[in-house]
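These notes are about the structure you will find just below.
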Amino acid sequence: MTTRTTGLGGTDWGTEILYGAADLVDTFDAVYSKILELEKSIPPIGSIIPWAKTLGTDSIPYGWILCDGEAISDTDSILNGQNTPALNGNSDATSKFIATATTSGGTGGASTHEHDLDNSDGGSTYTDNSAPRSYTAGTGVVVPPYYEVNFIMRYK
């Protein structure tokens with residue numbers, strides 16, 4: 001390491017430390033190694049995670065976008081021009097569950113369903129292969145207890 005107190009033309013810069021080439025290479029290697037280590041903890045582009053938007057900040061983290069079915073408009077992203085999945089209920093007016101599969105992008109399910117029950121005896125029970133169950137005729141939506149989150153996707 002070399003120390004000098006004057007610059008070109010005799011200008012006094014105070015104490016300046018100049019690093020030799022070996023020191024610069026060591027510094028670069030250390031910084032590059034740290035970057036590689038940090039990359040291991042960053043989800044890959046296209047990752048979708050639940051995000052509790054209302055717990056602290058309404059600002060979506062840098063490099064992430066709401067999964068609302070809208071087109072990604074960022075020329076720096078490899079996903080530029082593609083639509084995010086509509087998982088938050090914004091675009092198609094229905095929220096969706098995430099299901100695992102061998103490939104991504106498929107959809108399925110139904111927003112309504114029916115059960116065929118034999119109520120010929122006038123009672124409120126039916127028998128399947130396991131045990132009698134009681135039921136109530138009518139309409140309505142039955143969902144298990146839940147906590148609402150927004151899904152976000154890493155796009156760059």
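Structure notes:
- Selection within region 27-65 - assigned to a loop (DSSP other than H, G, I, E, B) and either of a type in the set (Gly, Ala, Ser) or touching a helix residue (DSSP H, G or I) at 6+ places or on another chain (Cβ under 6 Å) (or both): Ser41, Gly46, Ser47, Ala52, Gly56, Ser59, Gly63
- Exclusive hit being within 13 Å of Tyr155 (Cβ to Cβ) and modelled with pLDDT under 90, set Asp68, Asp58, Asp29: Asp68
The values are calculated or read from the model by the stated rules, or taken from the named source; none is laboratory data. Predicted model, so just to flag it, every value in this text is computed and none were measured. All Cβ positions, glycine included, derive from the backbone under ideal geometry; neighbour counts span all protein chains shown.
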